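Worksheet: one structure, shown below.
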Amino acid sequence: MTHGIDGKVVIITGASSGIGEASAKLLARKGAKVVLGARRADNLKRIAAEIEKDGGQAAYRQLDVTRAVDNEAIVKLALDTFGRVDVVFLNAGLMPSSPLSALKTDEWRAMIDVNINGVLNGVAAVLPTFLERKSGHVIATSSVAGLKAYPNGAIYGGTKWFVRDFMEVLRMESALEGTNIRATTIYPAAINSELLDTITDEAAAKAMRGLYQTYGISADRIADVVAFAIDQPEDTVINEFTVGPANQPW
Ligand code: NDP
């Protein structure tokens, strides 16, 4: 893997909206070959068509990150279509916020499955090719909720703290083992996307919508830092980015 974005093959999970969609479009404009995964295949089809219309290259596949076989299949798609994988952006996530007292235990488990097991499945699927080539870059979307605790976010925050720990150890072990796998974790604050649609607790949804109206910024701001991280020379890794609105007092 060399310096730059042009020509790199980038798998993106959670590419059907928000941060994943914005990143896919920006990276493709900069010459990356993007491989898009999410459950809503119709969205992926539309986004891939928009990228191709804009002169870019894209492949897509329906992907449920909680299923190991789907993660393996999207890596195979990238290898079959573009010949290799340079970067995987593990970005799929859910945030059905609620107070613990609401006991929305199904939602707790769904977050653990997507936000934690989805990341584990994504890394397990791509590591064989990265280890074989002694090269690769894993980027994951944590959250400011992975750095600080917030009411209504005990489980969501816990999943994002996990991502922080996991990515730090991946980076350290890669250095110790000399496998040259770079690890970058992104900690966005309030980003305007479809994420709040997963909140079923009415009071939590109302509070969060108010917060985002005041502090929400574009998913394009996260795409910019994803591109910056990928653009670094091979001897350099950007480990962590915290990205939020300039008016954020929390
Ligand atoms: P969106 O809801 O717009 O995007 C979430 C993406 O995750 C969608 O593409 C969705 O696709 C995908 N996804 C959800 N479940 C699965 C699954 N089981 N398998 C595959 N894909 C799945 O929100 P964002 O763009 O904001 O979220 C992207 C990431 O950013 C998440 O990890 C989120 O936690 C994180 N984040 C967001 C912040 C924000 O303020 N928006 C702040 C901090 C972090 P589909 O439904 O088609 O499967």
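The values are calculated or read from the model by the stated rules, or taken from the named source; none is laboratory data. Because the structure is a prediction, the values reported are computed rather than measured. No Cβ is skipped: glycine too gets one built from the backbone with ideal geometry, and neighbour counts run over all protein chains shown. To get the accessible areas, we keep the full protein, side chains included, count just its heavy atoms, and leave off ligands, DNA and RNA. Shrake-Rupley method; radii C 1.70, N 1.55, O 1.52, S 1.80 Å.
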**OP:** May I ask what percent, to the nearest 5, of DSSP beta bridges between residues of region 1-76 are antiparallel?
**Re:** 0 percent
Original post:
So if we plug the beta-carbon distance of Leu103 and Asp231 into 1/(1 + (r/R0)^6) with R0 = 51 Å, what FRET efficiency do we get, rounded to 0.05?
Top reply: 0.70
Subject >> Probe 1.4 Å, accessible area per residue of the chain, Å² >> reply: 45 Å²
Subject >> Solvent-accessible area, 1.4 Å probe, carbon plus sulfur percent, for region 171-250 >> reply: 51 percent
Subject >> Residues with amide H under 5 Å from that of Lys33, placed H, sequence gap 5 or more >> reply: Gly7, Lys8, Val9, Val10
Original post:
Within region 26-68, whose backbone N sits under 11 Å from a point 7 Å along Cα→Cβ of Leu79?
Top reply: none
Subject >> Relative contact order of the chain, defined on C-alpha pairs under 8 angstrom at six or more residues apart (%) >> reply: 21 percent
**OP:** Calculate what fraction, in whole %, of the accessible area of region 39-165 sits on carbon and sulfur atoms when a 1.4 Å probe is rolled over the protein chains.
**Re:** 54 percent
Original post:
Applying the Karplus parametrisation 6.51 cos²θ - 1.76 cosθ + 1.60 with θ = phi - 60° to the phi angles of region 204-217, what ³J(HN,Hα) value in whole Hz is obtained for each residue in order, glycine and proline being reported as x?
Top reply: 5, 5, 5, 4, 5, 5, x, 4, 5, 4, 7, 10, x, 10
**OP:** Residues in region 1-41, backbone N under 15 Å from the label point at Glu52 (7 Å along the Cα-to-beta-carbon vector): list them, ranges by number please.
**Re:** 33-36
**OP:** Step through the residues of region 61-73 one at a time and calculate ³J(HN,Hα) from phi using the Karplus curve (6.51 cos²θ - 1.76 cosθ + 1.60, θ = phi - 60°), rounding each to whole Hz and writing x for Gly and Pro.
**Re:** 7, 5, 9, 10, 5, 6, 9, 4, 5, 5, 5, 5, 5
